[in-house]
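This report refers to the structure that appears directly beneath it.
The values are calculated or read from the model by the stated rules, or taken from the named source; none is laboratory data. Bear in mind that the values here come from a model prediction, so they are computed numbers and not experimental data. Quick reminder, even Gly has a Cβ in these numbers, built from the backbone with ideal geometry, and neighbours come from all protein chains shown. Heads up: the accessible areas ignore ligands, DNA and RNA and are worked out on the full protein's heavy atoms, side chains in. Shrake-Rupley method; radii C 1.70, N 1.55, O 1.52, S 1.80 Å.
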Amino acid sequence: MRATVIYGAGDVRVETVPDPKLVEPADVILRVVRSCICGSDLWPYADMAPSEHGRRIGHEFLGIVEETGADVVTVKKGDLVIAPFVYSDNTCQFCREGLQTSCLHGGFWGAKGVDGGQGEAVRVPQADGTLVKVPHTEDDALLASLLTLSDVFPTGHHAATKARVREGQNVTVIGDGAVGLSAVLAAKRLGAARIVLMGRHQARTDLGREFGATDVVAERGEEGIAKVRELTNGEGTHAVLECVGTKPAFEMAVGVVRAGGAVSRVGVPQYEEGPIGPALFRRNITVTGGVAPARHYIPELLPDVLDGKYQPGKVFDRTIDVEAVPDGYRAMADREALKVLIKP
């Protein structure tokens, strides 16, 4: 089969690799029908050290079940399923607490002999705990929205949930990438009254307004902080959803959060130190966030997506086939595309 392999910074290739086979009785083989490139894939694309053999990549995908292991009971051949961006047994103590990203028997796609999602097929470990069956559809828009449930929509929802966003609050979202826009949608869904989107790419912020942003702030740093505080009578916002992962983004988050509020980080941090000293302590600021347990959130978010109440799939602005994946990486890295959907 054909699949994506990353060899180092800027070096993504599509190669012929062995077809996946069942290894454990809990495995399933999926034929991928939709996958995509994630903003977090751009971090290794930017700075991964060269590798002689490369590694598989991709962690967001929908598939049709082609083959099941002897112990699999929740899905069968022919089912359409969502694969969250980590696999999990959904039964261990952490899974039962809604933290499938810390599953004792789980793991990540593209690691430890497990296929990456940017290819034609995938072996899924712990299939009963991982996969979520959904109704069959040929609707491209609905398939795109279902695909977001593998990562970006639950990640935006995680940001809002961890920040305790609720009815009537003011919220700032930092970052106009797919996760940031999903966080806008999540905050709107949870009843936020005012949503300030900090971003400077008009096509993206226009979509942010469609998703529920009431204000857009293009300024960054101290100027951006001042603008948000001006919009909120000097107070700042109850919640700040930091969806970038850089230290300047975190510093802005700290600058715009209201006393007693929460900064929720879901952008993978690209820094080791930040402003977490006395200033946050004196203002009773909560710093939270983390890796989103998508499997936990999918059952909550799925009905609204199936009903068309929310259409997070609008974050995809380019569709390619598997062979064009290297071009898709370049387009996202160069900000020519917001989020690239792969349709095998």
Quiz item: What percent do you get for the relative contact order of the range 156-289 when only Cα pairs under 8 Å and 6+ apart count?
Solution: 25
Quiz item: What number, in percent, do you get for the relative contact order of the chain if the mean sequence gap of Cα pairs under 8 Å and at least 6 apart is divided by its residue count?
Solution: 18
Quiz item: Using a ≥ b ≥ c from the Cα gyration tensor of the range 156-289 (square roots of the eigenvalues), is it rounded, prolate or oblate, where a/c under 1.5 gives rounded and otherwise the larger of a/b and b/c decides, a/b for prolate?
Solution: rounded
Practice problem: Work out how much length A70 to D19 would gain on full extension: take 0.36 nm times their residue separation and subtract the Cα-Cα distance, in nm to one decimal. | Solution: 16.4 nm
Quiz item: How would S102, S88 rank on accessible area, largest to smallest, probe 1.4 Å?
Solution: S102, S88
Quiz prompt | Positive minus negative residues near V132 (Lys, Arg vs Asp, Glu; Cβ under 15 Å) | solution = -3
Practice problem: Quick one: order I276, I37 from most to least accessible surface, probe 1.4 Å. | Solution: I276, I37
Quiz item: Counting DSSP beta bridges in the chain, what percent are antiparallel, to the nearest 5?
Solution: 55
Practice problem: Search the structure for amide H atoms under 5 Å from the amide H of A121, placed 1.01 Å from N in the peptide plane, and list their residues when 5 or more places away or on another chain. | Solution: V32
Quiz item: Relative to the Cα centre, what is the charge dipole magnitude of the chain, using +1 at the beta carbon of each Lys and Arg, -1 at the beta carbon of each Asp and Glu, and rounding to the nearest 20 debye?
Solution: 880
Quiz item: Where Rh denotes the Kirkwood radius from the mean inverse Cα pair distance, what is Rg over Rh for the chain?
Solution: 0.97
Quiz prompt | Dipole of the range 156-289, positive direction: furthest Cα of G289, V216, M198, with charges on the beta-carbon | solution = G289
Quiz item: Ignoring ligands and nucleic acids, what accessible area does D176 show with a 1.4 Å probe (Å², nearest 10)?
Solution: 10
Practice problem: Check each of the trypsin sites (Lys or Arg not before Pro) in the range 224-320 and keep only those in coil by DSSP with at most 11 other C-beta atoms within 10 angstrom; list them in order. | Solution: K309
Quiz item: Which shape class, rounded, prolate or oblate, goes with the range 243-335 when its Cα gyration tensor gives a ≥ b ≥ c as root eigenvalues, a/c under 1.5 marks rounded, and past that a/b bigger than b/c marks prolate?
Solution: oblate
Quiz item: Looking at the chain, which longest stretch skips every one of the GluC sites (Glu not before Pro) that is in a DSSP loop with at most 10 other Cβ atoms within 10 Å, leaving the sites themselves out?
Solution: 168-271
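Around F250, under 9 Å between beta carbons, what's the net of Lys plus Arg minus Asp minus Glu among the other residues?
0
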Quiz item: So, in the chain, how many Lys pairs have Cα atoms under 14 Å apart, if the pair is 8 or more places apart or on different chains?
Solution: 4
Quiz item: Within a Cβ distance under 11 Å of G236, other residues only, what is the Lys/Arg minus Asp/Glu net charge?
Solution: +1
Quiz prompt | Residue-span extension gain [T91 to Q270] - 0.36 nm each, minus C-alpha spacing | solution = 61.3 nm
Exercise. Please give, to one decimal in nm, the separation of the simple spin-label points placed at E300 and E222, each 7 Å out from Cα toward the Cβ.
Key: 3.9
Self-check item: Expected 222 nm ellipticity per residue - DSSP helices of 4 or more, -39500 (n - 2.57), all of the chain, to 500
Solution: -8500 deg cm²/dmol
